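Accompanying notes for the structure given below.
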Amino acid sequence: MDVWPNQGDHTLLIPACGPHRHAVACEPNPLLAESNLPGNVALYGVREQVEGLPESHRLVRHMRG
């Protein structure tokens, strides 16, 4: 799990370790969660291996109360 992944630098390392590796990205900033991170995940072709996009910022906000 990558919390506050920003652009997804560390998130993208997990799928790079192999086709059966999965990452969960949880970005609380809605601007990054809906633009930078999904764009990089799509660019590197790892959408099937990364979960939590683009709705993860809503989950973190809910958990904070």
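The values are calculated or read from the model by the stated rules, or taken from the named source; none is laboratory data. Computed from a prediction, not measured in an experiment: that's the story for all the values here. In this analysis, Cβ positions are derived from the backbone assuming ideal geometry, glycine residues included, and neighbour counts consider all displayed protein chains.
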Could we say that Leu43 is of a type outside the set (S, T, N, Q) and modelled with pLDDT of 90 or more here?
-> yes
Counting only residues in the stretch 7-38 that are aliphatic (A, V, I, L, M) and buried (at least 18 other Cβ atoms within 10 Å of the Cβ), the one nearest to Val50 (Cα to Cα) is identified as Ala23
Test set (1) touching a Cys at 6+ places or on another chain (Cβ under 7 Å); (2) at pLDDT 80 or above - Leu59 fails condition number | (2)
Residues within the stretch 21-52 that are small (Gly, Ala, Ser) and either assigned to a loop (DSSP other than H, G, I, E, B) or free of Cβ contacts under 8 Å to residues at least 12 places away in the same chain (or both), tallied = 5
Tell me which residues, restricted to the stretch 14-25, are touching a strand residue (DSSP E or B) at 6+ places or on another chain (Cβ under 8 Å) and under 15 Å from Asn40 (Cβ atoms).
-> Ile14, Pro15, Ala23, Ala25
